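The structure under discussion appears below in the form of structure tokens.
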Amino acid sequence: MSDPFYRPVSGFDLPRFAGVPTFMRLPHVPLDDPRIREVAIGIIGAPWDGGTTNRPGPRHGPRQLRDLSTMIRAANGATGVRPFDMVNCADLGDVGPNPADVADSLERFTRYFRRVRDAGIVPLTAGGDHLCTLPILRALAADGPIGMIHFDSHTDLFHSYFDGCRYTHGTPFRRAVEEGLLDPKRVVMIGIRGTTYDTEDRDFARSVGIRVIPIEEYFRRGVADVMVEAREIAGTGPTYVSYDIDFVDPAFAPGTGTPEVGGPNSFEALQVVRALDGVNIIGADLVEVSPPFDPSGATAWLGVSIMFELLCVMAPRVAARRATS
């Protein structure tokens with residue numbers, strides 16, 4: 001059971017439009033706070049889009065996601081899971097980037113998430129663009145390569161952009177494989193679609209053993225069947241979950257920098273996460289929410305709903321690990 005201090009503020013005690021917004025109305029516990037040793041799952045903002053190559057804006061994602069997350073309640077209406085009762089969860093605040101320097105930002109993020117890992121905290125991160133995931137993997141995979149379940153409309157496996165630039169939101173998982181952070185045979189990418197320049201990313205995936213499930217196969221087979229395979233690929237080892245909001249069709253999530261039509265609806269966006277139940281998740285993220293392209297907040301509301309679903313599949317596993325440690 002969690003400490004009552006780490007329970008969200010109820011909308012019956014303080015209206016959800018009032019108070020200082022934190023992720024899901026949880027307490028704010030920064031890494032240098034003595035209480036940090038009590039936190040099991042930390043929700044973290046990564047307000048940086050230094051890897052964006054076209055439409056910017058995800059640096060503003062964490063702030064809008066926090067604001068919309070005041071709508072989250074205590075229990076999952078579909079699964080009955082009450083994550084805040086199972087483990088201590090807190091908003092750790094934001095990891096601060098250097099908006100003028102990509103390399104320095106990557107190093108800042110890596111140092112921050114190493115501290116999170118060393119504190120025994122499982123991170124649930126709100127991006128930011130998808131390059132944010134690379135330094136998180138650098139921190140979490142310090143002891144060896146891990147698996148990954150990746151929801152996206154793009155593989156993000158390209159070698160480089162613009163005459164050799166190796167660090168963009170289209171390259172993080174190519175770098176992660178090259179650096180030995182990911183075990184490619186335990187990586188599955190779901191929902192891939194859209195127009196292409198060439199097949200470089202798919203060719204690389206095949207060459208190293210990454211399983212790519214295009215959107216056509218996803219719809220032909222259905223959520224349940226695809227997710228059975230995803231769980232089999234991840235196996236029982238430590239696994240990271242990376243969820244790009246552009247996995248979802250832009251009719252339901254227009255607030256993103258690189259939308260691709262023909263994707264899943266918002267219900268399927270939640271279903272695929274629920275099907276992660278039992279996976280040994282050691283960290284997760286929700287990235288590429290870009291508020292300038294959806295000031296209404298509908299994309300961010302879907303984003304934090306996905307984050308809550310991730311929390312609901314993470315909390316039971318984290319609670320079980322802590323009970324036996």
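The values are calculated or read from the model by the stated rules, or taken from the named source; none is laboratory data. Note that the structure is a prediction, hence the values are computed from the model and not measured. Please note: Cβ atoms are built from the backbone with ideal geometry, for glycine as well, and neighbour counts cover all protein chains shown. All accessible areas refer to the heavy atoms of the entire protein, side chains included, with ligands and DNA or RNA removed. Shrake-Rupley method; radii C 1.70, N 1.55, O 1.52, S 1.80 Å.
Take ASP101 and tell me if it is acidic (Asp, Glu) and crowded, with 22+ Cβ neighbours inside 10 Å. When the stated conditions are applied, ASP101 does not pass them. Within the range 262-288, residues that are farther than 22 Å from ARG186 by Cα have Cβ atoms under 7 Å from residues that are basic (Lys, Arg) and surrounded by fewer than 23 Cβ atoms within 10 Å (Cβ to Cβ) in these pairs: GLY262/ARG193; GLY263/ARG193, counting only partners at least 6 apart in sequence or on another chain.
Scanning the range 1-16 for residues that are exposed (fewer than 11 other Cβ atoms within 10 Å of the Cβ) and over 20 Å from TRP301 (Cα atoms) turns up MET1, PRO4, PHE12, ASP13. Can you spot a residue in the range 70-90 that is farther than 19 Å from MET314 by Cβ and touching a strand residue (DSSP E or B) at 6+ places or on another chain (Cβ under 8 Å)? Checking the range 70-90: not a single residue is farther than 19 Å from MET314 by Cβ and touching a strand residue (DSSP E or B) at 6+ places or on another chain (Cβ under 8 Å).
For the range 272-308, taking the residues that are in contact with a Leu (Cβ under 8 Å, 6 or more places away or on another chain) and open to solvent by 10 Å² or more (accessible area, probe 1.4 Å), the one that is nearest to PRO135 (Cα to Cα) is identified as ILE282. Residues that are farther than 26 Å from GLU216 by Cα, under 16 Å from the mean Cα position of the chain (by Cα) and not in a loop (DSSP other than H, G, I, E, B) within the range 250-299 comprise ILE281, ILE282, GLY283, listed in sequence order. Considering only the range 16-29, I want to know if a residue exists there that is more than 21 Å from the chain's Cα centre (by Cα), closer than 21 Å to VAL304 by Cα and aromatic (Phe, Trp, Tyr). Looking through the range 16-29, at least one residue is more than 21 Å from the chain's Cα centre (by Cα), closer than 21 Å to VAL304 by Cα and aromatic (Phe, Trp, Tyr). Every listed requirement among (1) open to solvent by 60 Å² or more (accessible area, probe 1.4 Å); (2) in a helix (DSSP H, G or I) is met by GLY77 save one, (2).
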